[in-house]
Each structure stands twice: as structure tokens, then as C-alpha cells.
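Reviewing the structure listed below.
No value in this document is a laboratory result; all are computed from the given coordinates. Everything quoted here is computed from the prediction, not taken from an experiment. All Cβ positions, glycine included, derive from the backbone under ideal geometry; neighbour counts span all protein chains shown.
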Amino acid sequence: MYPVSSQKRSWTFANEGQLMDFRVEQNSKYIESHEEEAQGLDLKEHFLTPAEERLLLKQYEIYLFDFCRRFDPPMPKCVVGTAFHYFKRFYLNNTPMDYHPKEILATCVFVACKVEEFNVSINQFVNNIKGDRNKATDIVLSNELLLIGQLNYYLTIHNPFRPIEGLLIDIKTRSNMQHPERLRPHIDSFIDSTFYSDACLLHTPSQIALAAVLHAASREQENLDSYVTDLLFVSAREKLPGLIDAVRKIRIMVKQYQQPDRDKVKAIEKKLDKCRNQANNPDSELYKERLRRLYTDEDDMPAEDASFHIADVSSDTSAMNISQ
């Protein structure tokens with residue numbers, strides 16, 4: 001039940017300003033701890049700004065959705081919704097400069113498959129990733145516990161899909177609308193659009209579901225106002241003002257969304273290559289050395305030229321390509 005869930009207790013926030021405060025705080029902490037790496041350059045020129053991080057993450061949310069849409073075998077909607085929750089939560093507590101979204105994206109989807117009981121093996125999973133699949137396997141598995149820890153081990157996600165089905169059944173039963181199933185394509189499109197917003201961090205699944213249904217009704221030139229006021233909330237009219245405000249905010253979020261400019265994103269990615277944490281960069285020598293020490297005993301360290309599955313992968317950044 002959502003009202004007593006960890007999602008409501010720990011991962012639903014008061015407003016967008018609170019989310020921005022979290023993101024700015026993580027950005028500031030990273031810059032403070034890596035300031036010497038700027039080597040005299042202006043900090044804003046060397047490190048990503050909070051605005052640049054948001055633009056970058058918006059682009060990777062598009063990649064996340066495209067990856068899920070192309071996934072073979074076809075991925076249930078609940079897995080997609082859960083992966084988006086994980087991705088958004090992770091970057092409230094972390095900055096892309098510390099953990100590249102390309103790598104965290106894939107891990108979010110993989111963990112979501114497990115939690116939602118969409119049974120795919122790691123080999124099946126990485127077959128959907130272009131590039132070096134051995135490297136992709138190492139990255140996903142090595143980030144799995146990191147992700148779960150950053151989510152505070154709260155993995156159960158309440159998506160809006162069940163409330164949507166409940167609303168459609170109720171509309172068929174108690175309203176005068178003809179053929180309510182014609183709302184479904186508009187509902188699905190609206191829910192897909194909410195993934196690109198912060199709606200899931202600010203509003204309840206039932207509020208998002210109702211916003212989707214009302215949006216779909218308006219697209220079909222139907223009016224469900226009387227259904228909401230006279231049937232759905234007839235015994236809880238005191239909750240109507242808050243509900244109406246929440247639905248309005250969700251619909252505005254979706255309407256105001258703009259896709260990031262690809263040229264700006266490319267420039268940000270180039271900047272990220274220079275300022276990202278090399279200890280978390282699978283292509284860096286620092287990362288490879290850390291993995292060597294993690295997976296080997298001190299008395300049995302491999303020689304510099306020894307074959308090592310993670311350390312000897314190609315430095316080509318396309319080796320784990322989600323976006324193509």
C-alpha cells in the first residue's frame with residue numbers, strides 16, 4: 001500500500017525546490033572535494049553546473065526510455081517505470097560527475113528487471129547493449145550494489161499503472177462514458193511523458209493516474225469532472241482542492257517539458273570527460289587498479305601485462321553504447 005510505503009515516507013518530496021536543493025548540494029560537494037583538479041581554471045569552466053547536469057540527465061532519460069522500448073524480449077511497463085524511479089532517485093544523492101549516467105542507466109534497468117520479476121539473465125540483458133558486452137556485464141554487475149545502497153535498499157516501487165486500471169474499471173461501471181477503452185492510447189502516451197518529469201518524486205501514483213485519465217478524456221472531447229466530484233470523491237470532498245491542484249501541476253509538468261538540445265548535450269559530455277571522477281571511470285587506470293585490488297589478494301596481484309577481464313577492456317567510450 002502506497003500510504004505506508006517507503007516511497008511515500010522517504011522518496012516523495014514537497015516541491016521542485018527541494019529536489020533542486022538536493023541536486024545543487026551534490027554538485028557543490030563534488031566540486032569542493034575535487035577543486036584541485038581544475039588546475040587554476042575557473043570552476044564553472046572545468047566542472048558541470050547544476051543546470052548542465054540537469055540537461056545531461058534529461059538526455060539520458062531519453063536514452064533510458066529508448067533502451068527499454070527496444071529491449072528484447074519486450075519489457076513490461078512496470079519495469080520501465082521502476083527503472084525511471086531508480087535513475088531519478090540515484091541522482092538526488094549523486095552527481096553525474098561522480099557516476100556517469102550511461103553506466104548507472106543500464107544498472108537501473110537491470111535491477112528493475114529483477115525487482116519486477118521480469119526474468120532475464122545478465123547475458124540476455126547485455127545482448128541489448130551495443131559494443132563490448134563483456135565490459136557492459138562488468139559495469140552493470142559492479143554498480144548493482146552501489147545502486148541498491150544509494151536507494152537505501154528501498155526497491156519496491158508503486159507505479160501508476162494499477163490505479164489507472166482501477167479508474168478505467170470504475171469509469172466503465174459508474175460513469176456514462178461510452179467505450180472508455182479509447183482513452184488508453186492517450187493515457188499510455190501521457191504516462192510515458194511523465195517519466196521525463198519529476199512527477200514520480202512529487203506526486204502519488206493515484207494522482208498521476210488520475211491526471212493521465214483526465215488528460216485522455218480531454219483529448220477525446222469527454223468531460224469527467226462530474227465523475228470525479230459526484231462519484232469518485234463524493235464522500236471525501238475535503239480532499240478535492242488538493243487533488244485538483246496536484247493534477248493541474250502534473251499536467252503542467254508534462255506540457256512544459258522540452259527535449260534537451262543535442263549540441264548542448266554533446267558539449268556537456270565533452271566537459272564531463274574532463275571533470276568526471278576517474279576512480280569511477282571504467283576506462284581509467286585508477287579504476288582498473290582499484291578493481292584489481294578488489295578482486296585479487298594482495299599477495300597474488302596480477303602482473304602489469306596480465307590478462308584481466310575488467311582492466312584490459314578497450315578504452316573506446318562506445319564500448320557500452322546505450323544511446324545508439
> So between SER226 and ASN15, what do we pick up on full extension, going 0.36 nm a residue minus the alpha carbon distance?
Replying inline: 73.1 nm
> Taking 0.36 nm per intervening residue step and subtracting the Cα-Cα distance, what contour gain separates ALA38 from HIS179 on full extension?
Replying inline: 44.6 nm
> By average Cβ neighbour count within 10 Å, what is the ranking of 147-156, 230-239 from highest down?
Replying inline: 147-156, 230-239
>> Based on Cα coordinates alone, diagonalise the gyration tensor for region 2-150, multiply each eigenvalue by 5, take square roots, and list the semi-axes in whole Å, largest first.
In response: 28, 20, 13
> Once Rh is set to the Kirkwood radius over Cα pairs, what Stokes-Einstein translational diffusion coefficient, in µm²/s, holds for the chain at a temperature of 20 °C and a viscosity of 1.002 mPa s?
Replying inline: 99 µm²/s
> For LYS130, which sequence-distant residues (separation of 5 or more, or a different chain) have an amide H within less than 5 Å of its own amide H, given hydrogens modelled in the peptide plane?
Replying inline: ASN321
> Between GLU144 and ARG290, what length in nm is gained on full extension when 0.36 nm per residue of separation is reduced by their alpha carbon distance?
Replying inline: 50.9 nm
>> What are the ³J(HN,Hα) couplings of region 35-45, residue after residue, when phi is run through the Karplus curve with 6.51, -1.76, 1.60 and θ = phi - 60°? Round to Hz, x for glycine and proline.
In response: 4, 5, 6, 5, 6, x, 6, 4, 4, 5, 7
> Taking a quarter of the surface of the convex hull around the Cα atoms of region 77-226, what do you get in nm²?
Replying inline: 10.3 nm²
> So how far, in whole Å, is the C-alpha centre of region 115-152 from the one of region 54-112?
Replying inline: 11 Å
> For region 251-259, in order, what is each residue's ³J(HN,Hα) by Karplus, 6.51 cos²θ - 1.76 cosθ + 1.60 with θ = phi - 60°, in whole Hz (x at glycine and Pro)?
Replying inline: 5, 5, 3, 5, 5, 7, 5, 10, 5
> Using 1/(1 + (r/R0)^6) with R0 = 41 angstrom and r between the beta carbons of GLN124 and GLU25, what's the FRET efficiency to the nearest 0.05?
Replying inline: 0.60
> Cross-link list LYS114/LYS274; LYS8/LYS29; LYS130/LYS249; LYS239/LYS264: which exceed 32 angstrom alpha carbon to alpha carbon?
Replying inline: LYS114/LYS274; LYS130/LYS249; LYS239/LYS264
>> Rg and Dmax in Å for region 1-77, alpha carbons only: what are they?
In response: 17.7, 53
>> With n ≥ 4 as the cut-off for DSSP H runs, can you work out [θ] at 222 nm for the chain, using -39500 (n - 2.57) per run divided by the number of residues, rounded to the nearest 500?
In response: -18500 deg cm²/dmol
>> If the only charges are +1 at each Lys and Arg Cβ and -1 at each Asp and Glu Cβ, what is the size of the charge dipole of region 2-150 around the Cα centre, to the nearest 20 debye?
In response: 800 debye
> Under 20 Å from the Cα of LYS135, which aspartates and glutamates turn up, not counting those fewer than eight places away in the same chain?
Replying inline: ASP72, ASP98, GLU103, GLU144, ASP273, ASP283, GLU285, GLU289, GLU304, ASP305, ASP312, ASP316
>> Just to confirm the number: angle between the C-alpha axis of helix 77-93 and the first principal axis of the chain, 0 to 90 degrees, nearest 10?
In response: 60 degrees
>> Can you classify region 161-256 as rounded, prolate or oblate using the Cα gyration tensor, where a ≥ b ≥ c are the square roots of its eigenvalues, rounded means a/c under 1.5, and otherwise it's prolate if a/b beats b/c and oblate if not?
In response: oblate
> How many nm is it between the label spots at GLU117 and SER6, if each spot is 7 Å from the Cα in line with the beta carbon?
Replying inline: 1.9 nm
